[in-house]
Amino acid sequence: MSERTYKATLSQSQGREGWSVIFRHPVLLDRATGKPGRRVRRGLGTRDEKEAGKLIAELNQLLANPAFWQASSRPAALGKFKPVVVDIFYHDMVPEASDPAAVRDAIIPLPRSLDSPYRQVLLVGTTGGGKTTLVRQIIGSDPRTERFPSTSTAKTTVADTEIVLAPGPFRAVVTFLPRDQVRDYVEECMSAAVLAAFHGQSDTEILRRLLNHVNQRFRLSYILGTLNPAANADESDEAEEAPAVTDIPAFDLAPTRALVGSSLGRLRSIAQEHAASLRKELQATGDERVFEELFEDALDSRLREDERFQTLADAFIGEIERRFELLKPGTVEKTKQGWPRCWSYESANRGEFLKTVSRFSSNYAPYFGTLLTPLVNGIRVAGPFRPAWLERQPPLVLFDVEGLGPTPDSAASLPTSLTRRLEQADAVLLVDNATQPMQAAPVAAMRNLAAGGQSEKLMVCFTHFDGVTGDNLPDFKSREQHVLASAENALVAIGEQLGSFAERALRKRLESACFFLGGLHEPLPPETKGGKRTIAQLQELVRAIERIAIPSAPVPSRPVYERMSLVLHVKQAAEEFHAAWSARLGIAVKYGIPKEHWTRIKALARRFAEGWDDEYLNLKPLADLHKELVENIYRFIQNPVSWTGPVPSDDEKQQVFDGFARTISFHLLAIVAERMKDEVLRDWQRAYGLTGTGSTFVRAKIIASDVYRKAAPVPDVRPMPDGNKFLNDVIEAVRASAEEHQITLR
């Protein structure tokens with residue numbers, strides 16, 4: 001069989017003057033097949049067709065010569081070809097390192113010195129619980145006229161929002177999702193739309209699937225708008241009401257509407273063609289349920305290889321790029337390929353500043369077609385923000401992150417991104433809805449905090465307290481006790497699961513740092529009883545945050561632990577992790593854990609394989625393994641065999657245990673990330689690239705055996721290289737943490 005030839009061709013998107021190149025890369029693996037030949041489309045940075053032709057000719061010379069197909073050949077290529085050609089070919093072979101937080105730090109540094117009066121506050125809670133509404137009150141953002149940050153009853157905060165209350169002008173820096181990640185989202189939306197077309201769904205349903213990603217983080221409707229604004233009424237209803245908008249930027253949406261409109265017919269045509277051939281190939285399958293699974297998996301793989309599908313994806317990316325014309329005013333920093341890495345802005349005018357920045361966080365329906373919200377992965381603003389109910393500007397840094405989302409399981413894991421945030425946070429505000437308090441998600445958050453030694457940072461804010469009503473609740477105190485009763489049940493359950501010190505630590509925080517807030521969605525009237533009470537609670541909250549970082553005196557007596565007991569807890573953690581994931585993968589059965597749909601498993605594999613996330617919806621294997629280890633080791637920590645001096649008081653024990661657990665948690669997160677991502681990357685890629693009959697089952701088997709068993713083998717009495725390394729890695733993390741805290745592990 002002759003070797004495949006690679007050739008680049010010119011491309012120009014509708015309505016765009018610049019030229020692009022399309023080619024199959026001889027080295028990069030195709031995301032659908034896992035084989036060399038990934039389709040690449042990049043801008044050439046020129047509007048001159050003749051100049052573009054010369055660049056294509058150079059790229060074809062490079063593609064024809066395998067001597068240049070190694071990353072180490074880049075210097076030699078630079079000596080022969082133009083830099084833009086070299087950048088295009090080698091970009092993903094040696095990708096640009098990008099740390100969005102570091103990019104934001106370089107423009108607006110966070111106050112982190114030990115003697116700084118600033119307190120860094122992380123807000124966590126369920127979607128719609130009121131986190132962002134509380135942030136508005138703390139920064140003094142008017143809920144009627146400023147609406148920053150944006151809120152809604154659904155998932156609104158999908159990018160990290162960081163707010164520094166500091167003197168000086170108003171400043172902002174926004175970082176963006178990488179281009180490849182945006183394209184992955186677009187292709188997933190298109191694939192869902194094609195499947196809807198295959199099932200004979202209406203144009204409205206196909207359009208909904210196309211413009212709204214299933215995980216609600218990425219909504220093309222915000223960027224591209226909709227053909228019919230009424231069709232998007234469900235999203236418009238989620239967003240808060242606002243007065244008539246007069247500052248919508250001048251932007252020509254005609255090309256966008258033409259593209260979206262034509263895409264419906266194009267997607268239906270693609271669906272019909274592939275459906276006919278796939279049905280013929282798979283008609284031997286008797287089980288209709290099995291047929292549907294095989295069909296959907298095969299269809300998704302074929303779409304990635306279909307040039308019409310990819311051309312349509314190119315067109316959508318081109319329209320998304322056109323939105324970057326809206327990055328004015330401000331300064332834009334771009335990657336070598338021309339994709340914005342960050343945008344920064346400064347203004348002394350608060351109104352102009354908030355209006356400009358809101359373009360990156362808004363969910364307001366009249367702005368659809370001009371919003372950049374789905375493209376953002378982080379926003380940091382700094383300025384003289386101050387609430388009206390406080391006479392001074394509090395020295396705070398607020399981190400508002402994505403809501404935890406609904407979960408039926410109080411043992412659910414926190415996202416790893418949130419766990420990493422805990423290390424630098426001085427205070428963790430758990431924001432919960434007082435009308436439905438202590439559901440599974442906030443209980444899971446408290447459980448994770450306790451096991452990770454973070455209880456001393458916890459503060460609980462019950463919002464919507466004005467909605468707690470009933471004939472049996474005549475006054476403030478009775479309503480307060482009604483809400484706390486739910487917390488009491490949660491604490492008892494956590495104590496049974498993690499041990500008495502976990503319950504004790506959380507109970508102490510609920511007694512000393514619990515706040516009841518009502519009417520946060522409106523300006524607080526100090527002349528009313530309810531407004532006065534909420535203002536007093538908010539003032540006390542700020543004072544409590546400022547006190548929280550005061551360190552306690554060190555405990556002279558230190559605990560002593562047995563290594564063998566630690567081994568047993570690590571073994572149990574690995575067993576619990578595998579039992580839960582075997583059920584999710586459909587390989588085994590565990591009561592209370594349903595089998596996940598194969599499409600979710602494939603989407604998870606894609607994120608690991610392509611390296612841009614370690615979770616998908618409620619599937620968080622990295623976080624799950626970390627949680628199991630941390631929780632089991634926290635049980636181990638509470639039972640030392642002896643102390644080096646007099647047995648401390650319970651308060652002193654709590655201080656030692658939590659400090660030890662906190663250090664172990666962060667060491668383990670690095671180990672788990674390396675083992676679950678870096679060391680098994682090829683296996684994730686192999687699992688994602690599977691297609692054809694039985695691929696969904698084989699994918700589950702690969703993830704269970706070649707990924708999870710390698711990453712976290714269950715320690716056994718028999719020698720196992722992988723098992724011993726995993727066990728030794730965990731023991732070394734505990735040993736290093738013990739040494740840091742002058743604790744004995746013998």
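The values are calculated or read from the model by the stated rules, or taken from the named source; none is laboratory data. Bear in mind the structure is a predicted one, so any value in this text is a computation, not a measurement. Every residue, glycine as well, gets a Cβ built from its backbone with ideal geometry; the counts of neighbours run over all protein chains shown. Accessible surface areas use protein heavy atoms only, side chains included; no ligands, DNA or RNA. Shrake-Rupley method; radii C 1.70, N 1.55, O 1.52, S 1.80 Å.
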Kirkwood-based Rg/Rh on the Cα set of the stretch 640-707 evaluates to 1.36
Percent antiparallel among DSSP beta bridges confined to the chain, nearest 5, equals 55 percent
In Å², rounded to a whole number, the accessible area per residue of the chain with probe 1.4 Å is 43 Å²
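Give the peptides 75-88, 390-403 in descending order of average Cβ contacts within 10 Å, highest first.
Working: 75-88: 16.9, 390-403: 19.1.
Answer by packing, highest mean first, reads 390-403, 75-88.
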In whole percent, the Cα-Cα distances of the stretch 408-452 spread across 5 Å bins from 0 upward as 5, 20, 31, 26, 13, 5, 0
The ³J(HN,Hα) series, computed from each phi in the stretch 484-497 with the Karplus coefficients 6.51, -1.76 and 1.60 at θ = phi - 60°, rounded to the nearest Hz and given as x for glycine or proline, is 5, 4, 5, 5, 4, 4, 5, 5, 4, 5, 5, x, 5, 7
Computed from every Cα-Cα pair in the stretch 493-618, P(r) in 10 Å bins starting at 0 and rounded to whole percents is 9, 18, 21, 24, 22, 6, 0
Rounded to a whole %, the carbon-and-sulfur portion of the accessible area of the chain at a 1.4 Å probe is 52 percent
Pairs over 26 Å Cα to Cα, from K35/K710; K131/K355; K334/K457; K131/K602; K334/K627, come to K334/K457; K131/K602; K334/K627
Cα-based Rg then Dmax for the stretch 544-617, in Å, read 20.5, 54
Percent of all alpha-carbon pairs of the stretch 398-478 at distances over 17 Å, whole number, is 51 percent
The aspartates and glutamates whose Cα lies under 16 Å from the Cα of K571, excluding any fewer than 8 residues away in the same chain, are E562, D624, E628, E631, D716, D722, D729, E732
Ordering 379-387, 625-633 by per-residue average of other C-beta atoms within 10 angstrom, highest first, gives 625-633, 379-387
Here the net charge surrounding D105, from other residues whose Cβ is less than 12 Å away from its Cβ (Lys, Arg +1; Asp, Glu -1), is +1
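Regarding the stretch 477-540, what is the average projected area of its C-alpha convex hull, in nm²? Could you put the intermediate results ahead of the total?
Details: hull surface 20.3 nm².
Computing the convex hull of the Cα atoms and averaging its projections yields 5.1 nm².
Relative contact order for the stretch 480-612: what percent, with Cα pairs under 8 Å and sequence separation of 6 or more?
Numbers: 55 pairs, mean separation 12.9, N = 133.
Computed value for the stretch 480-612: 10 percent relative contact order.
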Along the stretch 438-451, Karplus-curve 3J(HN,Hα) (6.51, -1.76, 1.60; θ = phi - 60°) to the nearest Hz, with x for Gly and Pro, reads 6, 6, 4, 5, x, 5, 4, 5, 5, 4, 4, 5, 5, 5
Residue by residue through the stretch 365-373, the couplings from Karplus 6.51 cos²θ - 1.76 cosθ + 1.60 with θ = phi - 60°, in Hz, x for Gly and Pro, are 4, x, 8, 4, x, 10, 7, 10, 3
Sorting Y185, Y118 on solvent-accessible surface, 1.4 Å probe, most exposed first, gives Y118, Y185
Note, D203: beta-carbon cut-off 15 Å, +1 each Lys/Arg, -1 each Asp/Glu, net +4
Note to self, the chain gives a 222 nm [θ] from helices alone (DSSP H runs n ≥ 4, -39500 (n - 2.57) apiece, / all residues, nearest 500) of -15000 deg cm²/dmol
Mean Cβ-within-10 Å packing, highest first, puts peptides 168-179, 138-149 in the order 168-179, 138-149
For K529, the lysines lying under 21 Å Cα to Cα, once residues fewer than eight places off in the same chain are dropped, come out as K477
Expressed in square angstrom to the nearest 10, the accessible area of S269 with a 1.4 Å probe stands at 50 Å²
